[in-house]
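Enquirer: Here's a structure for you.
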Amino acid sequence: MKRTLFIFLFIISFNWVNAQFADRNAIYTTGEINFGNYLGVDFNLNYVLDERYSMKVGYSGHIRKPKTQPENYTSGLIGALLLNLANPHDELENYQILVGKIYPMNNKGTIRANVSVGLGYTTIREPRNWQFVSGSFLTENYTYEYSRYNTVSFIINPKIEFPILRFYGFTFSPMLQISKDRTYYGVGLGQMIGLLRKRIN
């Protein structure tokens with residue numbers, strides 16, 4: 001009997017704490033496809049405190065046609081069959097942490113601006129030392145080597161969020177990543193999943 005009473009009280013307390021948390025906070029994931037001077041993806045874990053302040057940690061990865069690629073480079077038939085996925089690319093990877101401020105844009109809470117800034121640890125990989133080779137039509141006609149280096153980026157990310165449901169929504173996300181070596185600029189379109197906003201009565 002005591003065990004049953006204890007379990008019952010625990011469940012009631014847990015549900016009360018969970019309800020209190022949900023009424024004041026949000027925690028969710030976002031995933032986006034980015035279009036800009038690079039093409040890429042962005043994944044983040046987001047936390048919103050008291051519907052006013054935000055924090056997120058995440059990863060973004062971007063690629064583009066190499067700026068150093070020779071004009072007569074060809075991937076060969078094999079590369080074409082692989083839809084050029086195995087071709088060389090300039091790559092920009094970023095592990096990031098940002099903090100921000102929430103600005104509600106309607107009374108229902110289904111549109112809000114999440115304006116955040118932060119820092120990222122950035123890895124840049126780019127093909128160098130292109131050497132022409134006279135091979136078959138099946139393979140690439142150049143060899144190359146990748147150079148790799150790391151830097152720190154400053155990130156500005158004024159995201160518009162549409163938590164149309166309590167647990168699902170969409171995002172529109174302009175982004176600027178600035179470092180001494182490379183700059184990314186573009187917009188992202190994606191979705192958000194998790195505890196997005198408090199229940200509307």
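Enquirer: Give the cross-link partners of residue 101 among the aspartates and glutamates, using a straight C-alpha distance below 13 Å as the criterion and excluding same-chain residues fewer than 8 apart.
Expert: 50, 51, 161
Enquirer: Here's a follow-up. Test of the criteria: in the stretch 114-201, which chymotrypsin sites (Phe, Trp or Tyr not before Pro) are in a DSSP loop and have at most 11 other Cβ atoms within 10 angstrom of their Cβ?
Expert: Sparse-neighbourhood loop chymotrypsin sites (Phe, Trp or Tyr not before Pro): 137.
Enquirer: Shifting gears a bit: For the stretch 26-195, go through all pairs of different Cα atoms, get the mean of 1/r, take its inverse, and jot down that Kirkwood value in Å.
Expert: 17.6 Å
Quick note: the coordinates plus some simple rules give every number you see, no bench work behind them. Remember, it's a predicted structure, so these values are computed and weren't measured experimentally. Neighbour counts are summed over all protein chains in view; Cβ atoms, including those assigned to glycine, are modelled from backbone coordinates with ideal geometry.
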